[in-house]
Amino acid sequence: MPAPNSPTTRAIRIDQPGGPESMHLVEVPIGEPGPGEIRIRHHACGLNFIDVYHRTGLYPLPLPASLGMEAAGIVDSVGEGVTHLRAGDRAVYASTPPGSYCESRVMPAKCVVRLPDGIDFEMGAAMMLKGLTAQYLLKKTLPQAGLQPGDFILFHAAAGGVGLIACQWARALGLQLIGTAGSDEKCALALQNGAAHAINYRREDFVVRVKDITGGRGVKVVYDSVGKDTFEKSLDVLQPFGLLANFGNASGKAPLVDLGVLAAKGSLYVTRPTLFTHIATREATQAMADDLFAVVSSGAVKIPVERRYALADAAQAHRDLEARLTTGCSILLP
């Protein structure tokens, strides 16, 4: 626990779940890192849809709650047992527990990694949660027979932060990514970032279009962060033994799965992966981060920081995110 006269930091907190107005900028004490912890001073903080789920209570948190899952900055000090980081290191993370919407924080060190010199703080803060999500989806969340160059995959919300990274990374892997988005402008953005095809789901039936694009075969895997609005129809575009990976709920929670439907549609698989299962150890976090850093440093994947908000304007950032006004990545600046 911090001492009574310890320094403070500005942070975004909620006292109860609710709308963007439930978020408040407050002064909170910050102490010294304990065993296995670091203290980091943020230069930029990432903005993600999971932050909305935490704020609304869809993913409940103990209250009062801090928000935010990723940031980049400078390590101030390290606690006992931390050997992979030292004071003065440029560092970046996507990590539990929430709390990155702040100027400084003490946090577990295991999911914090050094930020390569060629990647600036804003890009680092924007890329970790979304980039590591794209990494575990395209590299670890695979259909029964795996993915090979030339294979078709379907990616919903292809113009979002994860989607634009996935479009580029899939192209680098030789995959033919079919992206869906809610406007012609967002479809064009997905195509510019490497999608082989893009479908405006507001004007077209994506099931019909996917079948047309693939010559009736369908896709090996659907990556779906939308949830309720896309889940059931996504089953209709899968090949036999295909995989539906639901990794988000932007339109609401996905419906319950009738196992008989999976049988009737071709021995299908459904999974609900999470990033934090994949980065449960320091070693796994470092390996996935190294893969992300390599593909970004090579230029094959670029991280578009489209919007910047002051920390005090976090509520407006959430309004824009929920209204689907954002494309690419957005960040908060402490």
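Where a number appears in this text, it was derived from the coordinates with a stated rule and is not lab data. Predicted model, so just to flag it, every value in this text is computed and none were measured. Here the Cβ positions follow ideal geometry from the backbone for every residue, glycine too, while neighbour counts run over all protein chains shown.
Listed from fewest to most Cβ neighbours within 10 Å, the set Ser234, Ser183, Ser225 follows the order Ser183, Ser225, Ser234.
Return the FRET efficiency for the residue pair Thr83, Ala172: r is the Cβ-Cβ distance, R0 is 45 Å, and the value is rounded to the nearest 0.05.
Once rounded, the FRET efficiency stands at 0.85.
For the chain, the Cβ-based charge dipole about the Cα centre amounts to some 520 debye (Lys, Arg positive; Asp, Glu negative; other atoms uncharged). Semi-axes of the equivalent ellipsoid for the chain, computed as √(5λ) from the eigenvalues of its C-alpha gyration tensor and ordered from largest down, come to 35, 21, 18 Å.
Fewest-first ordering of His24, His43, His318 by other beta carbons within 10 Å of each residue's beta carbon gives His24, His43, His318. Each part gets one Cα centre, and for region 94-145 versus region 13-53 those centres are 16 Å apart.
Among Gly88, Gly215, Gly242, the largest mean-square fluctuation in a Gaussian network model of the chain (Cα springs under 10 Å) belongs to Gly215.
For region 142-272, the Cβ-based charge dipole about the Cα centre amounts to some 120 debye (Lys, Arg positive; Asp, Glu negative; other atoms uncharged). Stretched out straight at 0.36 nm per residue, the stretch from Arg203 to Ala284 would grow longer than its current Cα-Cα span by 25.0 nm. With the simple model of a label 7 Å out from the Cα in the direction of the Cβ, Arg10 to Lys233 spans 4.3 nm. Pairs of Lys residues in region 142-272, spaced 8 or more positions apart or belonging to different chains, with C-alpha separations under 16 angstrom: 8 in total. Taking only the alpha carbons of region 146-212, we obtain Rg and Dmax values of 10.8, 32 Å in that order.
On a per residue basis, the convex hull of the C-alpha atoms belonging to region 142-272 measures out at 90 Å³.
With R₀ fixed at 45 Å, the C-beta to C-beta distance from Lys302 to Leu58 puts the FRET efficiency at about 0.90. Ranking Ser104, Thr141, Gly328 by Cα position along the charge dipole of the chain, where only Lys, Arg, Asp and Glu carry charges on their C-beta atoms, puts Thr141 farthest toward the positive end.
Residue separation of Ala323 and Ser267 scaled by 0.36 nm, minus their Cα-Cα distance, works out to 16.5 nm of gained length. Fewest neighbouring Cβ atoms within 10 Å first, the residues Glu70, Glu27, Glu122, Glu32 line up as Glu27, Glu32, Glu122, Glu70.
Counting only DSSP H runs of at least 4 residues, each contributing -39500 (n - 2.57), and dividing by the residue count of the chain, the helix-based mean residue ellipticity at 222 nm comes to -8500 deg cm²/dmol.
Distant-in-sequence amide contacts of Ser225, defined by a placed amide H-H separation under 5 Å and a gap of 5 or more residues or a different chain, comprise His156, Phe247.
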